[in-house]
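Q: I am attaching a structure below and will ask some questions about it afterwards.
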Amino acid sequence: MEFAIPISRFDPNNIKWGQPRSGPFRKIIPFGYKDNQVSFNSLIFILEPMRVVGIDWDKNQLILEEGNTMSFMSKLEQLQKNVNMSIAENYTKWLSENEMPESGILNPVQPWLKNRRITLYLSSEPKNLTFYSDSNKDILSDKTLKPGDIIRATVKLHGISLQMSHLDVWTGKSRIQHNMMELYKVNHD
């Protein structure tokens, strides 16, 4: 069983780093979470209700905006800053010498937050994502979710994905690997 942390209780300073795992064209450094006596081997959180400002069905991207009265995005911005600092401090521990970029240039993590908006990726098959509309399970589509709708999302953060070349050398690029677990449409504009 996995537990989700409400974003209101999330502290970005409680992120813990796991051991690197190699995959095709990437190396994942998994996230864990430790808060006092409670430890999680994965990081799942539930966002507060947010307005859908854009959906790109071709790229499977969902762009959400924080309301004016909310302030939890600052926690996610701090997480993004912490990830950038951790990459700069630890990449030599996470990668073997032959995986190091030749140029030595490190790019910041691909931003997922900008101007009170967050860009999240839907699964490669959005219709299979657990989606609730008006308290009923529904199929996620351009007919059931539109810009202006208010939703809550449950998001699992897997860790940092260090992007590797076909020669298994780090490109210097990275992103926060995540997936949406569930979406709840709670309101219409």
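The values are calculated or read from the model by the stated rules, or taken from the named source; none is laboratory data. Given the structure is predicted, the values throughout are model-derived calculations rather than measurements. Virtual Cβ from ideal backbone geometry, glycine too; neighbours counted across all protein chains shown.
Q: Need the failing condition index for Gly67 against (1) touching a residue at least 24 places away in the same chain (Cβ under 8 Å); (2) outside any strand (DSSP E or B), just the number.
A: So the condition that Gly67 fails would be (1).
Q: What number of residues in region 121-150 are of a type in the set (D, E, K, R), modelled with pLDDT under 90 and more than 19 Å from Lys59 (Cβ to Cβ)?
A: Adding up the residues that qualify gives 1.
Q: So is Val38 surrounded by fewer than 17 Cβ atoms within 10 Å (Cβ to Cβ), of a type in the set (Val, Ile, Thr) and at pLDDT below 90 or not?
A: Considered against the rule, which asks whether it is surrounded by fewer than 17 Cβ atoms within 10 Å (Cβ to Cβ), of a type in the set (Val, Ile, Thr) and at pLDDT below 90, Val38 comes out as yes.
Q: Further, regarding this structure: Determine, yes or no, whether Met100 is surrounded by fewer than 16 Cβ atoms within 10 Å (Cβ to Cβ) and touching a residue at least 60 places away in the same chain (Cβ under 8 Å).
A: yes
Q: Taking region 116-143, which residues are at positive phi and either crowded, with 16+ Cβ neighbours inside 10 Å or not small (Gly, Ala, Ser) (or both)?
A: Those that are at positive phi and either crowded, with 16+ Cβ neighbours inside 10 Å or not small (Gly, Ala, Ser) (or both): Arg116, Asp134.
Q: Still on this model: Specify which of the listed residues (Leu106, Leu113, Leu95) is under 16 Å from Ser174 (Cβ atoms) and in contact with an Asp or Glu (Cβ under 6 Å, 6 or more places away or on another chain).
A: Of Leu106, Leu113, Leu95, the one residue that is under 16 Å from Ser174 (Cβ atoms) and in contact with an Asp or Glu (Cβ under 6 Å, 6 or more places away or on another chain) is Leu113.
Q: Within the bounds of region 107-120, is there any residue that is touching a Lys or Arg at 6+ places or on another chain (Cβ under 7 Å), within 24 Å of Ile46 (Cα to Cα) and in a loop (DSSP other than H, G, I, E, B)?
A: yes
Q: Look through Ile151, Ile160 and report the one residue that is of a type in the set (A, V, I, L, M) and either in contact with a helix residue (DSSP H, G or I) (Cβ under 8 Å, 6 or more places away or on another chain) or under 20 Å from Lys81 (Cα atoms) (or both).
A: Ile160
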